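Below is one structure, written out as structure tokens, with a few remarks after it.
Every number in this text was worked out from the coordinates using simple rules, so none of it is lab data. This is a predicted model, so every value here is computed, not measured. Cβ placement follows ideal geometry from the backbone for every residue including glycine, while neighbour counts extend to all protein chains displayed.
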Amino acid sequence: MDWNLLGCGRYGHVTFAPDEPELRAQLRAGVADGTAWRCLRCGAFVPGQPQFSGPADSAPVVPRGNQIRSTVILRLFAVERFLRVLVFAVAAYALWDFRASRGSIEQLFDRDLPIVRGTFRQLGWNIDNSKLVGLVHHALTLSNETLTLVAIGVTGYAVIALIEGTGLWLARRWGEYFAMIATSLGLPLEIYDLSKGFSVLALVLFVINLALVLYLVLTKRLFGIRGGKKAYDGMLRSESVLDEAARTASQSARSVSRK
């Protein structure tokens, strides 16, 4: 898949006319009905006036190739984080609401449980073995202080997941670091939970988190891995159409000077 063409197909071409004559010559071409300028993303020559112009240092930074693919992958991880935000935000709301209405809920539970138990027993189902009833009963035994701590923890996790998702969706460097640190801190706890009791959902979530950490560390070169930010920036520059044109112009100038 040509990610550059995919990007231009979605967002349009990006053309730039540098003030430097040597660079301008590399990015401009004559066509039958005028002039065409090279797209900074896909490299194709686009007829018409350039969208931007000025010194080479003022050229727009355009994601290309692996950068576009990386952005798509990060946004897939971001969507998963936003789903977590939704789930934990609902859980946090339920906990805070339960804490505020604890007395009325406890009275309702004590009053109606015998009726519900008798009704389901006639249908052949003992709801005393139900996990949901057990969970509600356990929650009613917790102190308000404990419920508050649990509600704060769930709310905090929702906020952390929201920050992770936002940073990954925007493909910002700070977001990559934040997501990597926040996710890696939770991996030991997930491993411990899996060792205590296996579940498919827990395993899937662990694999997603582990994949995110490895992807960020290895491909984004965080914390100095594989040369760190300097090597990462060098890779981005090597993929730039403008830098490629500058190298070509420099080689042409040296060839002329030798002659």
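Structure data summary
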{"read-out": "Mean Cβ neighbour count within 10 Å, used as a protection proxy, ranking 218-226, 197-205 highest first", "value": "218-226, 197-205"}
{"read-out": "Residue among Ala32, Ala44, Cys8 farthest towards the positive dipole end of the range 1-55, charges placed on Cβ", "value": "Cys8"}
{"read-out": "Under 5 Å, built H, 5+ apart or other chain: amide partners of Phe45", "value": "Cys39"}
{"read-out": "Label point distance in nm, Phe223-Asp243, each placed 7 Å from Cα along Cα→Cβ", "value": "2.6 nm"}
{"read-out": "FRET E, pair Asp57, Leu5, Förster distance 30 Å, beta-carbon r, rounded to 0.05", "value": "0.65"}
{"read-out": "Relative contact order [Cα under 8 Å, 6+ residues apart], the range 1-55, whole percent", "value": "39 percent"}
{"read-out": "Test item: Cα-centred dipole of the range 1-55, Lys/Arg +1 and Asp/Glu -1 on Cβ, debye", "value": "160 debye"}
{"read-out": "Other-chain or far-sequence residues with amide H under 5 Å of Val14's (modelled H)", "value": "Leu40, Arg41, Cys42"}
{"read-out": "Net length gained if the chain between Ile181 and Ala29 were fully extended (0.36 nm per residue, minus Cα distance)", "value": "50.0 nm"}
{"read-out": "Residue-span extension gain [Ile152 to Lys230] - 0.36 nm each, minus C-alpha spacing", "value": "24.1 nm"}
{"read-out": "Distance between modelled label sites at Asn144 and Leu210, nm, 7 Å Cα→Cβ extension", "value": "4.4 nm"}
{"read-out": "FRET E, pair Leu203, Ala91, Förster distance 22 Å, beta-carbon r, rounded to 0.05", "value": "0.60"}
